[in-house]
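Chemist: Pasting a structure here, questions to come.
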Amino acid sequence: MRVEAAPDTARVQPVAAVKAIRRSFSTPIASFFVILLTVLWTIPTVGLLVTSLRPGKDVATSGWWTAFIHPSFTLANYHTVLLEGGFGVSGGLLPYLVNSLAISIPGTLFPVAIAAMAAYALAWVKFRGSDAIFFVIFALQVVPLQMALIPLLQLFSGSIIPGFNVGGTYIPVWIAHTMFAMPLAIFLLHNFIAQLPGDLMEAATVDGASHFRIVRSIVLPLSTPALASFTIFQFLWVWNDLLVALTFAGGSPQIMPLTVRLAQLSGSFGSRWEALTAGAFVSILIPLVVFFALQRYFVRGLLAGSVKG
Amino acid sequence: MTVLTAILADSLLTDTITKFADAFAAIVIFFGVLLLVFFAAARATGRLGRPLTILVFLGPAIVLLLIGLVVPALRTLFLSFQNDDSTRCVAAGNYAWAFTSDSIHQVLLNTLAWIIIAPVLATVLGLAMAVLVDRLKRQAVYKSLIFMPMAISFVGASIIWRFVYEAHDPSQPQIGLLSQIAIWLGAQHPPNWILSHPLNNALLMVIMIWVETGFAMVVLSAAIKAIPTEILEAVHIDGARGGQTFYYVTVPMIRNTLIVVLTTVMITTLKVFDIVRTMTGGNFGTQVLANEMYSQSFVQFNVGRGSALAVILFVAVLPLVGYNIVQLRAERGIR
């Protein structure tokens, strides 16, 4: 997409026509609509947060909206779900939170590094067929993850190459996330890296710098905004992913991330709302912090890219 | 008791440290190998230098794509013509099953409803927000709040909404917001929302709309701001009023972006299985293609049928993504 302006950047003084459009929509009804939609969009999450802070007895017998009339809040639910379990199962969510981090951090860094290298080669080490390769990689975005899951699972569990069995470790999850990230990552980073000033590269080449040196001292420093955008995007994607995690880590609690665990708990212990809401809030806390702190980069990544997976 | 807690905490700590150490070691090894290869390859000069550079930079990505996407996709296509334990060829048998069996009939109908209703509503609401929020004070706050669900996982979103839809017996106080609102509005016995077909399908789609409206709003808002002000100025001088300008200038000018947003949300909707899986597990007449594919493949281990459903999903996505790709290439060609 051509548009690149962040949504909330300071704008230039609007011209009369823009003002006219705004004025014509500037009825009280329009304001009411915006506020109503925003409230509707926010209430479910507020309900989750409030419920997770109420004692279990209150949660089961009264709606969360009554908590504002008779306030009684506690952090006990968080202590319970993180450390003790509290779902009628032993063991809390903390190990799964650790798994989520142990999956997400390498699952973000690996594809960013490999895709940045490939994007540089396709943009600045032109060779016969490099454009065709770029287009094929870009076009691979059409393949849904679902198309690759069964054969990949067979590969990682050793039923295609005997003796190669990495099932039950983080390795399949990391590799799968790295593989599935490639088309979008290479596309986004190529768009950015290809637009870097060519004079710089030429000057460096004339001075006798190798491509490795150019990448290290010119391309990487200049591409920081694009790398940051994609890193945030990929981190949120991996952290929030259920499909890949369920397929490659769903069988072993030792490596299972939060999303998989919560999906299980939601099915079997769905009536313990004070625990389930606290667990859900634990899982959405990190994405929300990342999102609100780095919203601008996230938006930039969204506007530059298209679909993933 | 304290001893037990101490042991528990101790094993938890050991476990945590081990896992972080694993992840850290993987990162160190990965970047170590990368640097080593770089260092070695940078020494090669002369005729070998260039091909080696290309190999080092591009090789890993190509290998990952071949092993991770190209070969598996072809193998899935092959498996879809085999029986469920891949011992014998059944020709188009799995596809015949997919299009004739009654249970899958419902799945395909649900999927069709999903990919029409959810993307259209998300795009319309996103467009309305993009246009209307512009002149409010503190618009960044409204935008952030509408956009926020994008950061939440579909699993998290499903739990949030399952709580909204929670229904208690009418004799007890309701704890789900929807039931309570129904009672405030005068309903005597609000239904058990998740069990009432076909309403439950709409309730699940609400989650998708809740997540994707922010995406539509952000992308469309950027497109609207990218319209050259000269055009708007000219139309204004010609005497068009605001509403007319919106219908005759703004909408046609962002037509391409509108379609890209619509198809993008459609693709996401086609492939999303988290919502249905977390909310109903596909029961009560809410099953969709992506979740059925998962159940067939990894719950019932019907590899042939699962593969056939994956191929159907691929064929359904193909024109949508194809359109987006053509669109993107055309825009980049113009630039």
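Derivation of every value follows stated rules applied to the coordinates shown; laboratory data play no part. Note that the structure is a prediction, hence the values are computed from the model and not measured. Here the Cβ positions follow ideal geometry from the backbone for every residue, glycine too, while neighbour counts run over all protein chains shown.
Chemist: Send over the semi-axes of chain A's equivalent ellipsoid, whole angstrom and largest first, taken as the square roots of 5 times the C-alpha gyration tensor eigenvalues.
Modeler: Values: eigenvalues 323, 204, 52 Å².
After diagonalising the Cα gyration tensor, the semi-axes are 40, 32, 16 Å.
Chemist: For B:V326 and A:V46, what is the calculated FRET efficiency with R₀ set at 45 Å and r taken between the beta-carbons, to the nearest 0.05?
Modeler: On the way: r = 42 Å, r/R0 = 0.94.
The pair B:V326/A:V46 has a calculated efficiency of 0.60.
Chemist: Right, here's the next one. For B:L204, what is the net charge nearby, where nearby means another residue's Cβ is under 12 Å from its Cβ and Lys, Arg count +1, Asp, Glu -1?
Modeler: Numbers: positive: B:R162, B:R277; negative: B:D274.
The answer is +1.
Chemist: If you take each beta carbon of peptide B:179-185 and count the beta carbons of other chains within 10 angstrom, what is the mean? Don't skip to the answer; put the middle values down first.
Modeler: On the way: counts 1, 4, 0, 0, 0, 0, 0.
Mean partner shielding for this stretch: 1.
Chemist: I'd like the mean, over residues of A:37-50, of how many other protein chain beta carbons sit within 10 Å of each residue's own Cβ. Intermediate values should be presented prior to the final figure.
Modeler: Values: counts 10, 9, 2, 2, 12, 5, 3, 12, 8, 1, 7, 8, 1, 0.
Mean inter-chain Cβ contacts per residue within 10 Å come to 6.
Chemist: Measuring from label point to label point, each 7 Å out along Cα→Cβ, what is the A:N191 to B:A234 span in nm?
Modeler: 2.7
Chemist: If you find the alpha carbon centre of region B:226-278 and of region B:160-191, how far apart are they in angstrom?
Modeler: With region B:226-278 and region B:160-191 each reduced to a Cα centre, they are spaced 37 Å.
Chemist: Another question about this same structure. Rounded, prolate or oblate: pick one for region A:171-291, where a ≥ b ≥ c are the square roots of the eigenvalues of its C-alpha gyration tensor, a/c under 1.5 means rounded, and failing that, prolate if a/b is larger than b/c, else oblate.
Modeler: Numbers: a/c = 4.22, a/b = 2.73, b/c = 1.55.
Because a/c hits 1.5 or more and a/b exceeds b/c, region A:171-291 counts as prolate.
Chemist: Specify the residue with the greatest mean-square fluctuation among A:P44, A:P106, A:P28, computed from a Gaussian network of chain A linking alpha-carbon atoms under 10 Å apart.
Modeler: Looking only at A:P44, A:P106, A:P28, the largest GNM fluctuation is found for A:P28.
Chemist: Report the Rg/Rh value for region A:39-147, based on alpha-carbon coordinates and the Kirkwood definition of Rh. Display every interim value, and only then the final one.
Modeler: Details: Rg = 24.1 Å, Rh = 19.0 Å.
Radius of gyration relative to Kirkwood radius: 1.27.
Chemist: Let me ask something else. Find how much the distance from B:V71 to B:C89 grows on full extension, using 0.36 nm per residue of separation minus their present alpha carbon separation; answer in nm with one decimal.
Modeler: Values: separation 18, 0.36 × 18 = 6.48 nm, distance 1.94 nm.
Here the answer is 4.5 nm.
Chemist: To continue, here is another question. Which of A:I137, A:I255, A:I232 moves the most in a Gaussian network model of chain A with Cα springs under 10 Å?
Modeler: Fluctuation is largest for A:I137.
Chemist: Next question, about the same structure. Can you count the Lys pairs in the protein assembly as shown whose Cα atoms are under 26 Å apart, with each pair 8 or more apart or on different chains? If you can, show how the numbers build up before the last one.
Modeler: Values: A:K19/B:K137; A:K19/B:K143; A:K19/B:K225; A:K308/B:K143; A:K308/B:K225; A:K308/B:K271; B:K137/B:K225; B:K143/B:K225.
Taking the protein assembly as shown as the scope, the lysine pair count is 8.
Chemist: Give me log10 I(q)/I(0) at q = 0.14, 0.17, 0.22 Å⁻¹ for region B:120-169, Debye formula, one equal scatterer per alpha-carbon, no solvent.
Modeler: Per q value, in the given order, log10 I(q)/I(0) is -0.51, -0.69, -0.90.
Chemist: Cut-off is 10 Å between beta-carbons; in what order do B:W184, A:W273 appear when sorted fewest neighbours first? Write down the numbers at each step before the final one.
Modeler: Details: B:W184 9, A:W273 25.
Fewest to most other Cβ atoms nearby, the residues stand as B:W184, A:W273.
Chemist: Expressed as a fraction of 2.2 N^0.38 Å, the rule-of-thumb size for a compact globular protein of N residues, what is the C-alpha radius of gyration of the protein assembly as shown? Write down the numbers at each step before the final one.
Modeler: Values: Rg = 25.8 Å, N = 644, 2.2 N^0.38 = 25.7 Å.
My calculation over the Cα atoms of the protein assembly as shown gives 1.01.
Chemist: Put one equal scatterer on each alpha carbon of region B:275-319, apply the Debye formula with no solvent term, and list log10 I(q)/I(0) at q = 0.13, 0.20, 0.30, 0.33 1/Å to two decimals.
Modeler: Log-scaled intensity ratios, in q order: -0.28, -0.63, -1.00, -1.06.
Chemist: Using Cα springs under 10 Å in a Gaussian network model of chain B, which residue among B:L69, B:L145, B:L55 shows the largest mean-square fluctuation?
Modeler: Evaluated over chain B, the most mobile residue of the options is B:L55.
Chemist: Taking the Cα-to-Cβ direction at A:I161 and at B:L318 and moving 7 Å from each Cα, how far apart do the two end points lie in nm?
Modeler: So the label points at A:I161 and B:L318 sit 3.0 nm apart.
Chemist: Sorting B:V211, B:V235, B:V124, B:V33 on the 10 Å Cβ count, fewest up front, what's the list? Kindly include the intermediate steps, with their values, before the conclusion.
Modeler: Details: B:V211 23, B:V235 19, B:V124 15, B:V33 10.
In order of increasing Cβ crowding within 10 Å: B:V33, B:V124, B:V235, B:V211.
Chemist: Using only the Cα atoms of region B:101-334, what are the Rg and Dmax in Å?
Modeler: 20.9, 67
Chemist: Checking a compactness column here: for region B:188-323, what do you get for Rg(Cα) / (2.2 N^0.38 Å), N being the number of residues?
Modeler: On the way: Rg = 20.8 Å, N = 136, 2.2 N^0.38 = 14.2 Å.
That ratio works out to 1.46.
Chemist: While we're on this one: What's the average, rounded to a whole number, of partner chain beta-carbon atoms within 10 Å of each residue's beta-carbon in A:124-130? Present the calculation step by step, with values, prior to reporting the outcome.
Modeler: Values: counts 1, 6, 1, 5, 0, 0, 2.
Mean partner-chain Cβ count within 10 Å for A:124-130: 2.
Chemist: If you rank A:L93, B:L328, A:L188 by fewest surrounding Cβ atoms within 10 Å, what's the result?
Modeler: B:L328, A:L188, A:L93
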